[in-house]
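The values are calculated or read from the model by the stated rules, or taken from the named source; none is laboratory data. None of the values given here were measured: they were computed from a predicted structure. So basically every Cβ, Gly included, is an ideal-geometry build from the backbone, and we count neighbours across all protein chains shown. Heavy atoms of the whole protein, side chains included, go into the accessibility calculation; ligands, DNA and RNA do not. Shrake-Rupley method; radii C 1.70, N 1.55, O 1.52, S 1.80 Å.
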Amino acid sequence: MQGLKKLDIKRFNGAEFIDTTDEVSEEVSLAIGINQDLVLYLNCSPLDLEELILGHLFTAGIINRLQDILQLDVQYSAEDPGVQSITAEVTIA
């Protein structure tokens, strides 16, 4: 995943609309489970997901250090071709 996707758009140049292509940020749905309990849904960039998950768990006070994580599995699925959903299961001590 690159984090950007190209879309056909209409851009207004001050006088008229022009058909063009532009890059926009890609967004995915992320579900995070901890010890098999779903605890959080996020819409986020598909980049650096492990860092996002670990940072969230740390700032929320769920973990105190990296060693609290026993396992982190990230599963990518595309049920709808236009929507990417990601599930992360975290096992903590």
Fill in the blank from the handout: Here the residues within region 6-24 that are open to solvent by less than 90 Å² (accessible area, probe 1.4 Å) and part of a strand (DSSP E or B) are Leu7, Ile9, Ile18, Thr20, Thr21, Asp22, Val24
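Every residue, every condition in (1) over 28 Å from Lys5 (Cβ atoms); (2) of a type outside the set (Asp, Glu), yes or no:
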| site | (1), (2) |
| --- | --- |
| Asn43 | no, yes |
| Leu49 | no, yes |
| Gly55 | no, yes |
| Gly61 | yes, yes |
| Asp68 | yes, no |
| Asp73 | no, no |
| Ser77 | no, yes |
Completion exercise
Among the residues of region 45-71, the number that are outside any loop (DSSP other than H, G, I, E, B) and in contact with a helix residue (DSSP H, G or I) (Cβ under 6 Å, 6 or more places away or on another chain) is 0
